[in-house]
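So the structure is just underneath, and the comments pick up after that.
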Amino acid sequence: MAAEQRYKQAKTDAERLAALEQMLSTVPKHKGTEKIQMDIKRRMARLREAGESAAKGPKRGGGGVNFSIAKEGAGQVVLIGPPNSGKSSILGFFTKAQVEIAEYPYTTRKLQPGMMHFQNTQIQLVDTPAISAEMFETWMTSVIRSADYVLLVVDLMSETILDDLELIKLKLKEHKIELKREVAERFDADGNAYLPAMIVGTHLELEGAKGNLEALRDLYGKELDIFSLSLKSGEGAERFAEDIYGRLKVVRVYTKRAGKPADLNDPVVLRKGSTVEDFARDIHKDLLANLKYARIWSKTKFDGQRVPRDYVFEDEDICELHG
């Protein structure tokens, strides 16, 4: 009700979208609220479409600005940071996205998505325009607020790294966004958004970078985890995708038909804590309506163990539904 009131009092589309995101996060997820959830999602889609049209404006060269990116894969991870921090390099290294990388600042002027592989699933990375004292694209607020995870990317060799971090924290706070290591509730009654995030330090291969990394951990390690990597030497890069996957707090569940082998190539990705009911609903609502029980093949269960509808999945469980 508080979010609904904020929506009615909002003066801008960004404020309306933030209120709708809060409403969607607080609505209980069950069959009785499906119509409410769909109505909120439709209103969010209309606002994003309107914002995208407004943001594009007159076309120049490569076209306009994307106001939002549809989520794909196991989760949407948004990269933010100061100019020349290495965001675009990370996107280009871990995905097949064609990115423009240059030594001068503000190369990225629009949202740029790419898909990063982790085993048999993919994670969506989204590069964003740089944040500085002179530049903060206000439409980025809704992009950041709707992300599943945020990477605050910094150059470990930058002389202004501490000023950059404090500036970005201040800019986000002005737009009611706070980055945290762990998040229990994403939105509060005042419309503040709390997003799971970590700092990513780049250029680890350069002399002095590891010393700067330790200083950064002393100053910010209590607030956020700090991941470091070098895209030139590969240090840290080999465990980047796995680390991000773990932070998304999702599980992969494989489908299986009775008497047939499981499909291990295309898992259903669900939030941690999801149940057999959630799995059936994700596949098709008719499956949920007719569901009686399920059989599970798991690392901690015996093969084919019968489980109830409220069984909570572990990562890489195999599930066979029975109506």
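The values are calculated or read from the model by the stated rules, or taken from the named source; none is laboratory data. As the structure is a computational prediction, the values presented were derived from the model and not from experiment. Neighbour counts run over all protein chains shown; Cβ positions are idealised from the backbone, glycine included.
In summary, strands (runs of 3 or more DSSP E) completely within the range 210-323 and bearing 1 or more residues that are in contact with a Phe, Trp or Tyr (Cβ under 6 Å, 6 or more places away or on another chain) and buried (at least 16 other Cβ atoms within 10 Å of the Cβ) occur at 250-255, 317-322.
Screening L172 against (1) under 24 Å from H203 (Cβ atoms); (2) outside any loop (DSSP other than H, G, I, E, B); (3) free of Cβ contacts under 8 Å to residues at least 60 places away in the same chain; (4) out of contact with any Ser or Thr (no Cβ under 9 Å at 6 or more places or on another chain) leaves a single unmet condition, (4).
Of all the listed residues (A70, A19), the sole one being closer than 24 Å to Y194 by Cα, at pLDDT 75 or above and outside any helix (DSSP H, G or I) is A70.
Give the residues of the range 280-323 that are among the β-branched types (V, I, T) and touching a helix residue (DSSP H, G or I) at 6+ places or on another chain (Cβ under 7 Å), sorted by residue number. If the condition is that a residue be among the β-branched types (V, I, T) and touching a helix residue (DSSP H, G or I) at 6+ places or on another chain (Cβ under 7 Å), then V307 is the only one that fits.
Only a single criterion out of (1) in contact with an Asp or Glu (Cβ under 7 Å, 6 or more places away or on another chain); (2) assigned to a loop (DSSP other than H, G, I, E, B) is not satisfied by E159, namely (1).
On the given criteria, is S298 hydroxyl-bearing (S, T, Y) and assigned by TED's automatic domain parsing to the domain that holds I90? Judged against the criteria, S298 is not a match. Note on the range 92-132: residues that are at pLDDT 90 or above and either in a loop (DSSP other than H, G, I, E, B) or of a type in the set (S, T, Y) (or both) amount to 10. Among residues of the range 78-89 being farther than 19 Å from L204 by Cβ and crowded, with 23+ Cβ neighbours inside 10 Å, the one that is nearest to the chain's Cα centre (by Cα) is V78.
Restricting the range 159-182 to residues that are crowded, with 17+ Cβ neighbours inside 10 Å and hydrophobic (A, V, I, L, M, F, W, C), which is farthest from the chain's Cα centre (by Cα)? Out of the qualifying residues, it is I161.
Every residue, every condition in (1) touching a helix residue (DSSP H, G or I) at 6+ places or on another chain (Cβ under 9 Å); (2) closer than 30 Å to Y7 by Cα; (3) of a type outside the set (K, R), yes or no:
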site	(1), (2), (3)
V200	yes, no, yes
K210	no, no, no
D218	no, no, yes
S228	yes, no, yes
R239	no, no, no
Y245	no, no, yes
N265	no, no, yes
